[in-house]
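Okay, so here's the structure we're looking at.
The values are calculated or read from the model by the stated rules, or taken from the named source; none is laboratory data. As the structure is a computational prediction, the values presented were derived from the model and not from experiment. When we count neighbours, we look across all protein chains shown, and the Cβ atoms used for this are built from the backbone with ideal geometry, even at glycine.
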Amino acid sequence: MEKKTFYDVLRDRHSCRAFLSREIPADMLIQVLEDAQLSPSNCNTQPWNVHIVSGLKQQELSEKLIAAAEQECFSPDFSFDIGDFHGRYKERQFAQGKIYYEALGVVREDTEGRKQANILNYRFYNAPHVAFLFMPSTGDNVRIAGDIGMYAQTFLLSLTDHGLAGVPQTVLGFFADVVREHLGISDDFKLLFGISFGYEDGDAVANTIRMERDAIGENVTFHQ
Ligand SMILES: Cc1cc2nc3c(=O)[nH]c(=O)nc-3n(C[C@H](O)[C@H](O)[C@H](O)COP(=O)(O)O)c2cc1C
């Protein structure tokens, strides 16, 4: 198979929300992790602490996360309120929800349908692997979180380059205590988000959506 160009990798990457159950070969997973390891970081701290969960351990964690979500037993390390978005940011967030739920055939008033769609997050969208991105709590954590973002993007692009797919998931960070307890991780490490990943289910309607980007003039200002 011909190697994808950087141009194609960037444009092929998208958030995948339905995976095949097929596992990634171990050597390919190591290649993806070696790519992600090349990410830049503030002062070269390389602060990402990555926990990859697969198999039975992942299934058990899924059940615990669904139970915690149903009981609304939240334990996020970092706050998140969707109501904080405003203006153009709110519009973009709203557009993503609309296009996704419309693709699934879930209407706005269908509270149960939306709840079930949300629970798919905790089933890792059927992905056979999930990476939890932990970080050592450091100062106000803003710079470390930026480094984790750098790592995540390299990881996601490498997945695409290898014919794989992933989806970053803030909601997996809503139950940080559950994840820490299940994986035996010290409280010194804070959970920013997770990435479910594997082979994309090309027949799934959830994977037909593509989020457009604004023209660069919306985000970039030139000065001279
Ligand atoms: C840090 C981060 C957290 C995200 N959290 C979730 C999530 O919890 N659940 C989900 O389905 N998608 C999540 N997404 C995916 C975004 O909705 C997606 O990146 C955005 O709509 C743009 O679409 P694209 O990734 O397909 O280009 C997250 C993305 C990022 C970068």
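Taking the stated definitions as given, is residue 143 modelled with pLDDT of 95 or more, surrounded by 19 or more Cβ atoms within 10 Å (Cβ to Cβ), more than 10 Å from the ligand (Cβ to nearest atom) and part of a helix (DSSP H, G or I)?
For residue 143, the condition - modelled with pLDDT of 95 or more, surrounded by 19 or more Cβ atoms within 10 Å (Cβ to Cβ), more than 10 Å from the ligand (Cβ to nearest atom) and part of a helix (DSSP H, G or I) - is not met.
Considering only residues that are within 16 Å of the ligand (Cβ to nearest atom), more than 24 Å from residue 132 (Cβ to Cβ) and either of a type in the set (Val, Ile, Thr) or loosely packed, with under 10 Cβ neighbours inside 10 Å (or both), which ones fall in segment 186-209?
Of everything in segment 186-209, those that are within 16 Å of the ligand (Cβ to nearest atom), more than 24 Å from residue 132 (Cβ to Cβ) and either of a type in the set (Val, Ile, Thr) or loosely packed, with under 10 Cβ neighbours inside 10 Å (or both) turn out to be 205, 208, 209.
Are any residues in segment 172-224 polar (S, T, N, Q), farther than 22 Å from residue 152 by Cα and touching a residue at least 12 places away in the same chain (Cβ under 8 Å), and if so, which ones?
Answer for segment 172-224, where residues must be polar (S, T, N, Q), farther than 22 Å from residue 152 by Cα and touching a residue at least 12 places away in the same chain (Cβ under 8 Å): just 208.
Every residue in segment 81-125 that is at positive phi and within 12 Å of the ligand (Cβ to nearest atom), please.
Listed by number, the residues that qualify are 124, 125.
I want to confirm something. Restricting to segment 3-49 and keeping residues that are within 16 Å of the ligand (Cβ to nearest atom) and hydroxyl-bearing (Ser, Thr, Tyr), which single residue is farthest from residue 137 (Cα to Cα)?
That would be 7.
Give the residue that is farthest from residue 48 (Cα to Cα), with candidates limited to residues of segment 167-185 that are within 9 Å of the ligand (Cβ to nearest atom) and of a type outside the set (Val, Ile, Thr).
174
Starting from residues that are in a strand (DSSP E or B) and of a type outside the set (Gly, Ala, Ser), keep the ones in segment 51-97 and report whichever is surrounded by the most Cβ atoms within 10 Å (Cβ to Cβ).
53
Just checking, does segment 117-126 include any residue being among the hydroxyl-bearing types (Ser, Thr, Tyr) and touching a Leu at 6+ places or on another chain (Cβ under 6 Å)?
yes
Taking residue 27 and the conditions (1) of a type outside the set (Val, Ile, Thr); (2) under 18 Å from residue 155 (Cβ atoms); (3) touching a residue at least 12 places away in the same chain (Cβ under 8 Å), which numbered condition does it fall short on, given that it satisfies the others?
Unmet condition: (3).
Of the residues 26, 18, which is aliphatic (A, V, I, L, M) and loosely packed, with under 13 Cβ neighbours inside 10 Å?
Only one candidate qualifies: 26.
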